[in-house]
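The values are calculated or read from the model by the stated rules, or taken from the named source; none is laboratory data. What you are looking at is a predicted structure, and each value in this text was computed from that prediction instead of being measured. Here the Cβ positions follow ideal geometry from the backbone for every residue, glycine too, while neighbour counts run over all protein chains shown. What goes into the accessible areas is simple: the full protein's heavy atoms, side chains included, and nothing from ligands, DNA or RNA. Shrake-Rupley method; radii C 1.70, N 1.55, O 1.52, S 1.80 Å.
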Amino acid sequence: HVAYGGKDDFGVADMRLTITQGKETLDLPLTAHGADPREVKGQSYQDLTAHPWAGLPVELRAVARDALGQIGASAPIAMTLPERKFYHPVARAIIEQRKRLAKDSGASALPVARKLVQLMVQPEAFDNSVTTFMALDFMIKRMTSNPLEKDKEELTNVLQLMWDTALALEDGGI
């Protein structure tokens, strides 16, 4: 939950919340409310618990653009993005490796793949689920055959599969 506001002599044209993690940036639009465009305020709720950066340290800034196109930004605020808690041990392990991969896909892809292999060879830990086994196998193959730091779409797909697999384990496939 974020409360925000802005003032400008020429009027606030748009606002956004910029979240930075390392060299990567995520921009979320903020709706500016107020009878007078020169002074706006609002509140926004964004559920980022499924985002790969959940649980990682980030920097937040409110950024506004006025009617003349001039840009102003707030001072940065450092925080850790809230994350969902996982209690199933394999789901929790997958999410830990997902955070590691999201933080630095270049250096961590092979170590993460090795950790996933350790999980995959213990099928009793995930109730011998064929779906989980196949998902782990797919993740491992993608991490070891493709430089994920150079293929953002593939990295996004692997991170999403890790999230979906952990959720299925945690929630019992519901």
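Looking across segment 1-26, the residues that are open to solvent by less than 80 Å² (accessible area, probe 1.4 Å), more than 30 Å from Trp163 (Cα to Cα) and outside any strand (DSSP E or B) come down to Asp8, Gly11.
Picking from residues in segment 27-43 that are crowded, with 17+ Cβ neighbours inside 10 Å and part of a strand (DSSP E or B), the one that is modelled with the lowest pLDDT is Val40.
Annotation: Gly69 fulfils all but one of (1) under 18 Å from Ala166 (Cβ atoms); (2) open to solvent by 30 Å² or more (accessible area, probe 1.4 Å); the unmet one is (1). Scan segment 110-119 and give yes if some residue there is surrounded by 13 or more Cβ atoms within 10 Å (Cβ to Cβ) and in contact with a Gly (Cβ under 9 Å, 6 or more places away or on another chain), otherwise no. The answer is no; no qualifying residue exists.
Can you find, within segment 126-145, the residue that is farthest from Leu101 (Cα to Cα) among those that are in a helix (DSSP H, G or I) and open to solvent by less than 40 Å² (accessible area, probe 1.4 Å)? Spell out how you get there, then give the answer.
Kept after step one, since they are in a helix (DSSP H, G or I), are these residues of segment 126-145: 126, 130-145.
Then keep just the ones that are open to solvent by less than 40 Å² (accessible area, probe 1.4 Å); that gives 126, 132, 135-136, 139-140, 143.
Numbers: Phe126: 22, Thr132: 19, Ala135: 16, Leu136: 14, Met139: 11, Ile140: 12, Met143: 10 Å.
Per the criteria, the residue is Phe126.
Can you tell me which residue in segment 72-109 is least open to solvent (accessible area, probe 1.4 Å), limited to those that are farther than 28 Å from Ser145 by Cβ, in contact (Cβ under 8 Å) with a residue 24 or more places away in the chain and not in a loop (DSSP other than H, G, I, E, B)? This residue is Gly72.
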